[in-house]
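Asks: Before anything else, here's the structure in question.
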Amino acid sequence: MAEVSGCESQFTQYETDGTPLKGRITPADTGAMQVNKDYHLKSSLNLGLDIDHIDDNLAYSRHLYDKNGLSDWSASKKCWAYRS
């Protein structure tokens, strides 16, 4: 999953002003793992996780990985598959 974070956000959770990093192409993507809020915000909150914070962004990403493997990050596969 480190390769995914490197591709998705260059291992960055926050902008220099302290706000959560948002996706350049899809602004609903947030944080180090670029979790999409349109699809995952409700589920993450139901688990007690705030994906705008680094620990919770990583924890929710692990939840997604355990459930779906790397399919939630298929858009960046060309990048992270190369790094693996």
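The numbers here are math on the coordinates, done by the rules we state, and not lab data. Quick caveat, the model's predicted, so the values are computed rather than measured. Positions of Cβ are generated from backbone atoms using ideal geometry, with glycine treated the same way; all protein chains shown enter the neighbour counts.
Asks: State the extension gain, in nm to one decimal, for the chain segment bounded by ARG62 and MET1, taking 0.36 nm per residue of separation less the distance between their alpha-carbons.
Replies: My answer for the length gained is 21.1 nm.
Asks: Continuing with this model, one more query. Can you put VAL35, VAL4 in order, fewest other beta carbons within 10 Å first? Could the numbers behind the result be given before it?
Replies: Values: VAL35 28, VAL4 23.
If I rank by nearby Cβ atoms, fewest first, I get VAL4, VAL35.
Asks: Go ahead and run the numbers for FRET between THR16 and LYS78, Cβ-Cβ distance against an R0 of 30 Å, rounding to 0.05.
Replies: E between THR16 and LYS78, to the nearest 0.05, is 0.60.
Asks: Tell me, what HN-Hα J-couplings in whole Hz come from the Karplus equation 6.51 cos²θ - 1.76 cosθ + 1.60 at θ = phi - 60° for each residue of region 17-34, using x for Gly and Pro?
Replies: 8, x, 7, x, 5, 10, x, 6, 8, 10, x, 6, 6, 9, x, 4, 9, 6
Asks: Using Cβ counts within 10 Å as a stand-in for footprinting exposure, how do HIS53, HIS40 rank, fewest first?
Replies: HIS53, HIS40
Asks: Go through LEU49, SER5, SER74 and say which Cα lies farthest out towards the positive end of the charge dipole of region 5-84; charges sit on Cβ, +1 for Lys and Arg, -1 for Asp and Glu.
Replies: Ranked along the dipole, the leading option is SER74.
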